[in-house]
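Undergrad: Pasting a structure here, questions to come.
The values are calculated or read from the model by the stated rules, or taken from the named source; none is laboratory data. Just so we're clear, the structure is a prediction, and the values are computed from it rather than from any experiment. All Cβ positions, even for glycine, are placed from backbone atoms using ideal geometry, and neighbour counts span all protein chains on display.
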Amino acid sequence: MIILKPSKESLEKSVEMIRKGCIIICPTDTVYGFLADATNKKAVEKIYKIKKRQKYKPLPVFIKDFKMAKDLAEIDEKQEKLIKKKWPGKYTFILELKSQISKRKTTTQKPKLYGMKKDGTIAIRLPKHKFLNDLLKKINRPLVQTSVNISGEKSLTYIKDITDEFQKDRRITLIIDGGNIRNAKSSKIIDLTKEKLTILR
């Protein structure tokens, strides 16, 4: 496992590793997260195994911009107005996955996303964190993301706790050491798939 501080070089290394199907740990604007290519089935499965997370629990995705969100999900004008007020930032929105509800034929086949909920919804977030945003723009694909911890345990936000817990796990290739995240809180989750907006967390 490699541990690097945020830099231009570690950004390039992060892109390289994710494109190869590796798992990295990266700071975000909320807590530290496991990241993987959402279009790579084996990579997504690794995250479930590392976290000991049950398969029926979906994984949210980070996206690089609002256009990518609209490519993945069905977003109407009312939803768009709300989302743009909160992004970039600490808000995850649950929306209808576009491929699940669109009947239109297209000549371009969109890559399948893994770790999604079977009801045809997707949880999306556009974060506000320079290194992470640069990574998302450079890799130009959605990344599944979830807090760094074993499922059911407290999210790890201090770098020593993260290295103590996961440094020997060969399934994790790279840790971006952005220092300790103090007073960290997970993102707020808002479900926009129902008639009435529902705050889930």
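Undergrad: Can you name the residue in the stretch 73-120 that is among the polar types (S, T, N, Q) and at pLDDT 95 or above and, of all such residues, is nearest to residue 192 (Cα to Cα)? Explain how you work it out, then say what you get.
TA: First, the residues of the stretch 73-120 that are among the polar types (S, T, N, Q): 79, 92, 99-100, 102, 106-109.
When the remaining residues are screened for being at pLDDT 95 or above, the result is 79, 92.
On the way: 79: 7, 92: 10 Å.
In this case the residue turns out to be 79.
Undergrad: Which of the residues that make up the stretch 128-140 are crowded, with 18+ Cβ neighbours inside 10 Å and farther than 15 Å from residue 89 by Cα?
TA: 135, 139
Undergrad: When residue 65 is evaluated against the numbered criteria (1) within 26 Å of residue 197 (Cα to Cα); (2) touching a Phe, Trp or Tyr at 6+ places or on another chain (Cβ under 8 Å), which criterion, by number, is the only one it fails?
TA: It fails just one condition, (2).
Undergrad: Within the stretch 14-43, work out how many residues are of a type in the set (Val, Ile, Thr) and surrounded by 22 or more Cβ atoms within 10 Å (Cβ to Cβ). Break it down stepwise before answering.
TA: Taking the stretch 14-43 first, the residues of a type in the set (Val, Ile, Thr) are 15, 18, 23-25, 28, 30-31, 39.
Restricting the remaining residues to those that are surrounded by 22 or more Cβ atoms within 10 Å (Cβ to Cβ) gives 18, 23-25, 28, 30.
Going through the stretch 14-43 one residue at a time, the tally reaches 6.
Undergrad: Another question, if that's okay. Just for the stretch 175-201: of the residues that are of a type in the set (A, V, I, L, M) and not in a loop (DSSP other than H, G, I, E, B), which one is surrounded by the fewest Cβ atoms within 10 Å (Cβ to Cβ)? Spell out the reasoning first.
TA: At the first step, the residues of the stretch 175-201 found to be of a type in the set (A, V, I, L, M) are 175-176, 181, 184, 189-190, 192, 197, 199-200.
Adding the requirement that they be not in a loop (DSSP other than H, G, I, E, B) leaves 175-176, 189-190, 199.
On the way: 175: 22, 176: 24, 189: 16, 190: 20, 199: 8.
Out of the qualifying residues, it is 199.
Undergrad: A further question follows. Tell me which residues, restricted to the stretch 154-174, are in a loop (DSSP other than H, G, I, E, B) and surrounded by fewer than 19 Cβ atoms within 10 Å (Cβ to Cβ). Let's see the steps before the verdict.
TA: Start the filter on the stretch 154-174 by keeping residues that are in a loop (DSSP other than H, G, I, E, B), which leaves 154-158, 167-171.
Of everything in the stretch 154-174, those that are in a loop (DSSP other than H, G, I, E, B) and surrounded by fewer than 19 Cβ atoms within 10 Å (Cβ to Cβ) turn out to be 154, 155, 158, 167, 168, 169, 170, 171.
Undergrad: Does the stretch 56-73 include one or more residues that are closer than 21 Å to residue 201 by Cα and either free of Cβ contacts under 8 Å to residues at least 12 places away in the same chain or loosely packed, with under 14 Cβ neighbours inside 10 Å (or both)? Give the steps one after another, and end with the answer.
TA: Initially, the stretch 56-73 is screened for residues closer than 21 Å to residue 201 by Cα, giving 56-63, 69, 73.
Remaining after also requiring either free of Cβ contacts under 8 Å to residues at least 12 places away in the same chain or loosely packed, with under 14 Cβ neighbours inside 10 Å (or both): 56-57.
The answer is yes, given that some residue of the stretch 56-73 is closer than 21 Å to residue 201 by Cα and either free of Cβ contacts under 8 Å to residues at least 12 places away in the same chain or loosely packed, with under 14 Cβ neighbours inside 10 Å (or both).
Undergrad: Suppose we filter the stretch 47-79 for residues that are closer than 19 Å to residue 2 by Cβ and either over 14 Å from the mean Cα position of the chain (by Cα) or outside any helix (DSSP H, G or I) (or both); how many remain? Even if it seems obvious, please write down each step before you answer.
TA: The initial filter retains those residues of the stretch 47-79 that are closer than 19 Å to residue 2 by Cβ, namely 47, 50.
Still in the list and also either over 14 Å from the mean Cα position of the chain (by Cα) or outside any helix (DSSP H, G or I) (or both): 50.
Residues flagged as closer than 19 Å to residue 2 by Cβ and either over 14 Å from the mean Cα position of the chain (by Cα) or outside any helix (DSSP H, G or I) (or both) within the stretch 47-79 amount to 1.
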